[in-house]
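Report on the following structure.
The values are calculated or read from the model by the stated rules, or taken from the named source; none is laboratory data. As the structure is a prediction and not an experimental result, all values here were calculated from the model. Note that each Cβ is placed from the backbone with ideal geometry, even for glycine, and that neighbours are counted across all protein chains shown.
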Amino acid sequence: QKEVEQNSGPLSVPEGAIASLNCTYSDRGSQSFFWYRQYSGKSPELIMFIYSNGDKEDGRFTAQLNKASQYVSLLIRDSQPSDSATYLCAVYGLQPPFGNEKLTFGTGTRLTIIP
Amino acid sequence: KAGVTQTPRYLIKTRGQQVTLSCSPISGHRSVSWYQQTPGQGLQFLFEYFSETQRNKGNFPGRFSGRQFSNSRSEMNVSTLELGDSALYLCASSWAGKKGQYFGPGTRLTVL
């Protein structure tokens, strides 16, 4: 089982609709969860982080966390063509044998917003 | 505040050569992590340095090494390059990892 799993897509969403991106993780002890956006040919950009169960909103973006289900999601409201990118889910978990946390990335979901 | 910078941005090397990549973190960030990104494998963690000490290491061969200087700048070195080392190498810095890492623009390495 992969540590962080995402549907690779592509996910196509009409402009103005809600895009929903999902991520599951295997380390039940994980405490910190991040969403990155990566445009083609560019490096990942941090757009959201969440630590507690529930929802966290920032503009058109909402991150949702359910630790019991080991599930993180990102909702993008009023999707715009500029939202077309690959979205990476990242989770902080313990890295044996060091015992220190490291950030593990999913393989990303490619999102296309259709005008 | 200036972002993470990486040099060089592009490199072309031949098999068997070695390469050194450089990363300057955001001012005040003491943690620097390195990643390899390829289309097939996604983002793979190489190692993390904090206060000049390697704090974490991924599953890469010993040909991949790194270090961090007292000013938090970091370098990574790849010796005896192989064709499969062709990738985008990304550096990311953070103040205290749990608050997220911020990526530089990357170094595109091509091994011929």
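Evaluating A:Lys102 against the criteria (1) among the basic types (Lys, Arg); (2) closer than 26 Å to B:Trp95 by Cβ; (3) assigned to a loop (DSSP other than H, G, I, E, B) leaves one unmet condition, (3).
In a residue-by-residue description of segment A:28-43, the property of being surrounded by fewer than 18 Cβ atoms within 10 Å (Cβ to Cβ) and more than 14 Å from chain B (Cβ to nearest Cβ) applies to at least one position. Annotation: B:Lys99 fulfils all but one of (1) within 17 Å of A:Lys42 (Cβ to Cβ); (2) within 8 Å of chain A (Cβ to nearest Cβ); (3) surrounded by fewer than 17 Cβ atoms within 10 Å (Cβ to Cβ); the unmet one is (1). Is it the case that segment A:81-94 has a residue that's in contact (Cβ under 8 Å) with a residue 40 or more places away in the chain, in contact with a Pro (Cβ under 9 Å, 6 or more places away or on another chain) and not in a strand (DSSP E or B)? Yes, segment A:81-94 contains a residue that is in contact (Cβ under 8 Å) with a residue 40 or more places away in the chain, in contact with a Pro (Cβ under 9 Å, 6 or more places away or on another chain) and not in a strand (DSSP E or B).
Against the list (1) assigned to a strand (DSSP E or B); (2) under 19 Å from A:Ala90 (Cβ atoms); (3) among the charged types (D, E, K, R), the condition A:Glu57 fails is (2). Say whether the condition of being assigned to a loop (DSSP other than H, G, I, E, B) and either within 14 Å of another protein chain (Cβ to nearest Cβ) or surrounded by 15 or more Cβ atoms within 10 Å (Cβ to Cβ) (or both) is met by at least one residue in segment B:11-21. Checked segment B:11-21: no residue is assigned to a loop (DSSP other than H, G, I, E, B) and either within 14 Å of another protein chain (Cβ to nearest Cβ) or surrounded by 15 or more Cβ atoms within 10 Å (Cβ to Cβ) (or both). Considering segment A:1-11 alone, what residues qualify as being surrounded by 13 or more Cβ atoms within 10 Å (Cβ to Cβ), away from chain B (no Cβ under 11 Å) and closer than 24 Å to A:Arg60 by Cβ? If the condition is that a residue be surrounded by 13 or more Cβ atoms within 10 Å (Cβ to Cβ), away from chain B (no Cβ under 11 Å) and closer than 24 Å to A:Arg60 by Cβ, then A:Asn7, A:Gly9, A:Leu11 are the ones that fit.
All of B:Thr20, B:Thr7, B:Thr80 fail the test of being out of contact with any strand residue (DSSP E or B) (no Cβ under 7 Å at 6 or more places or on another chain), of a type outside the set (A, V, I, L, M) and either at negative phi or at pLDDT 95 or above (or both), apart from B:Thr80.
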